[in-house]
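The values are calculated or read from the model by the stated rules, or taken from the named source; none is laboratory data. A quick note: this is a predicted structure, and the numbers were derived from the prediction, not measured. As a convention, Cβ positions derive from the backbone with ideal geometry for all residues, glycine included, and neighbour counts pool all protein chains shown. Heavy atoms of the whole protein, side chains included, go into the accessibility calculation; ligands, DNA and RNA do not. Shrake-Rupley method; radii C 1.70, N 1.55, O 1.52, S 1.80 Å.
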Amino acid sequence: MFISKFGSAPKFYARAPGRVNLIGEHIDYCGYAVLPMAIEQDILIAVEPVQTQVVQLANTNSLYLDFSTSVNNIQINKTKPQWHNYFLCGLQGIQEHFGLNNPTGMNCLLDGTIPPSSGLSSSSALVCCAGLVTLRANGKTLSKVELAEICTKSERYIGTEGGGMDQSISFLAEEGTAKLIEFSPLRATDVRLPSGATFVIANSCVEMNKAATSHYNIRVMECRLATKMESCTHYKNTLSQEKTVFRKRSQWGEGGQLLSKSKGLEWRKMLRLHDVQTKLGVSLEEMLTIVEEVLHPEPYSTEEICKCLGISLEELRSQILSQNMQDVSTFKLYQRAKHVYSEAARVLEFQKICSEAPANALQLLGELMKQSHISCREMYECSCPELDRLVDICLQFGAIGSRLTGAGWGGCTVSMVPTDKLNTFLKNVKKAYYQTDGQRRPLERVNEGLGSFCF
């Protein structure tokens, strides 16, 4: 197909895999570790560098139209996130990183086996693959960590405020293991999954494109606002406590020690919920207590946020809220912060159980997965009726744990199923969920720790 399209053969190929997130949803952009693994489904691009400074893109799937543009005039359309815009994100990211004045043109043919808008990171895989081919075509080199960080930043050109999990696992994944991905600095640690279970991915067949809706970015902003409100409120509470101490004790030293605990909590500098925990030097469990103390469950209006932060509505909109958040009038800060801190704790507990491998490891991991889905559904409100139904069906027919995976509002679930019950599980879930709707696709499963689909 490449030859018929471009009249010559490709010179090289690049591949970037999708991923399934076992636990740790919506917390990477808050600074917390996540626990994904790569899957066999991928984005593959055949490439021929050319002398002209033009990029010509074609897709093996006829639903995705051809596209061409000058490499010196990249225009990424945020309002209509078509497939080629994700390629342009990776292209622009590499060009900007190296300051390329005369970037190489390319003929590219793309093939993808990751179901689109399924929560398995097809978009990020395309950005990563585009960055990789641009790097190679221009004769440049980078480490995998550097590539992941550049592609994380460049995907934001399309308007999605992602945190880096998808790009990191796409570059840092290894066969036979899941990874604990940590940030600032970016690093990946092997997590060996226990034997005796298979991870099954089931597609709800409800599609959700992060860049095409505001759900995802609203959650990012709610976490950012919760960060600032926690910082502001905790700082005020600390000062109030200090005044009480000063009245009781007229010794500067003791009051000065209390004051030092609040240093660094200038809310204007705080961007991520992890920053608050780091500055306070407390545990995740203590952060959950702080959430209960300083944030209320009722939604916050923009007026209340402005009053707490001591800023005008104009300052809030110009300095904090992103462009596509200008018309949002209420934010659920308590619920979002509570999910993030509890989910971050579940990730660490998941890794600990895998490392220590107790006799009841599968039951413990399954419970964490179930807790994660409940939090995603009730606190983060990123599930949907179809995902909830699919999770319930999976648990009903033998899954030890099941949860949504990916951004949510559609896409896939991941379930941990005893290997000796796998065939019965697949048969029953297929009948209960998929055969009731002829438009729904069959299940796909991931063998434990292998990061590959088996059909």
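Step by step: first the residues of segment 391-409, then only those that are among the polar types (S, T, N, Q) and in contact with a helix residue (DSSP H, G or I) (Cβ under 9 Å, 6 or more places away or on another chain), then the one that is nearest to L365 (Cα to Cα). Which residue is that?
Step one: of segment 391-409, the residues among the polar types (S, T, N, Q) are 396, 402, 405.
Cutting the leftovers down to in contact with a helix residue (DSSP H, G or I) (Cβ under 9 Å, 6 or more places away or on another chain) gives us 396, 402.
On the way: Q396: 17, S402: 10 Å.
Applying the filter and picking the extreme gives S402.
When you check A361 against the structure, is it at pLDDT 95 or above, open to solvent by 30 Å² or more (accessible area, probe 1.4 Å) and not aromatic (F, W, Y), yes or no? Show your work before the answer.
On the way: at pLDDT 95 or above: yes; open to solvent by 30 Å² or more (accessible area, probe 1.4 Å): no; not aromatic (F, W, Y): yes.
Spelling it out, it is not the case that A361 is at pLDDT 95 or above, open to solvent by 30 Å² or more (accessible area, probe 1.4 Å) and not aromatic (F, W, Y).
Checking each residue in segment 372-398 for being open to solvent by less than 10 Å² (accessible area, probe 1.4 Å), small (G, A, S) and closer than 18 Å to T419 by Cα picks out no residue at all. Looking only at residues of segment 127-150 that are β-branched (V, I, T) and over 15 Å from P49 (Cβ atoms), we find that the one that is surrounded by the most Cβ atoms within 10 Å (Cβ to Cβ) is V127.
Consider E254 carefully, then state whether it is open to solvent by 50 Å² or more (accessible area, probe 1.4 Å), modelled with pLDDT under 95 and within 30 Å of G310 (Cβ to Cβ).
On the way: open to solvent by 50 Å² or more (accessible area, probe 1.4 Å): yes; modelled with pLDDT under 95: yes; within 30 Å of G310 (Cβ to Cβ): yes.
For E254, the condition - open to solvent by 50 Å² or more (accessible area, probe 1.4 Å), modelled with pLDDT under 95 and within 30 Å of G310 (Cβ to Cβ) - is met.
Let me confirm something: among E161, E155, which residue is open to solvent by 40 Å² or more (accessible area, probe 1.4 Å), closer than 20 Å to E207 by Cα and touching a helix residue (DSSP H, G or I) at 6+ places or on another chain (Cβ under 6 Å)? It would help to see each step written out before you state the result.
Values: E155 fails: open to solvent by 40 Å² or more (accessible area, probe 1.4 Å).
Step by step, each of E161, E155 is checked, and only E161 is open to solvent by 40 Å² or more (accessible area, probe 1.4 Å), closer than 20 Å to E207 by Cα and touching a helix residue (DSSP H, G or I) at 6+ places or on another chain (Cβ under 6 Å).
Tally time: how many residues in segment 108-126 are farther than 19 Å from Q92 by Cα, open to solvent by 20 Å² or more (accessible area, probe 1.4 Å) and touching a helix residue (DSSP H, G or I) at 6+ places or on another chain (Cβ under 6 Å)? Looking only at that region, the number is 1. Within segment 272-287, is there a residue that is among the hydrophobic types (A, V, I, L, M, F, W, C), farther than 30 Å from G196 by Cα and open to solvent by 20 Å² or more (accessible area, probe 1.4 Å)? So far as segment 272-287 goes, yes, one or more of its residues are among the hydrophobic types (A, V, I, L, M, F, W, C), farther than 30 Å from G196 by Cα and open to solvent by 20 Å² or more (accessible area, probe 1.4 Å). In segment 353-370, the residues that are among the charged types (D, E, K, R) reach residues that are open to solvent by 50 Å² or more (accessible area, probe 1.4 Å) with C-beta atoms within less than 9 angstrom, at least six apart or across chains, in these pairs: K370/L395.
Can you give me the number of residues within segment 87-142 that are part of a loop (DSSP other than H, G, I, E, B) and of a type outside the set (G, A, S)? Steps first, answer last, please.
So the first thing to find is which residues in segment 87-142 are part of a loop (DSSP other than H, G, I, E, B), and the list is 99-104, 113-121, 138-142.
From what is left, the residues that are of a type outside the set (G, A, S) are 100-104, 113-116, 120, 138, 140-142.
Count: 14.
Considering segment 303-315, and only residues there that are closer than 14 Å to A226 by Cβ and modelled with pLDDT of 90 or more, the residue that is most open to solvent (accessible area, probe 1.4 Å) turns out to be E304. Within segment 84-104, restricting attention to residues that are polar (S, T, N, Q) and out of contact with any strand residue (DSSP E or B) (no Cβ under 7 Å at 6 or more places or on another chain), the residue that is surrounded by the most Cβ atoms within 10 Å (Cβ to Cβ) is N85. Would you say C382 is under 17 Å from N203 (Cβ atoms) and assigned to a helix (DSSP H, G or I)? Considered against the rule, which asks whether it is under 17 Å from N203 (Cβ atoms) and assigned to a helix (DSSP H, G or I), C382 comes out as no. In segment 401-420, the residues that are of a type in the set (D, E, K, R) form Cβ pairs under 6 Å with partners that are open to solvent by less than 10 Å² (accessible area, probe 1.4 Å), at six or more places apart or across chains, as follows: R403/M369; R403/S372; R403/H373.
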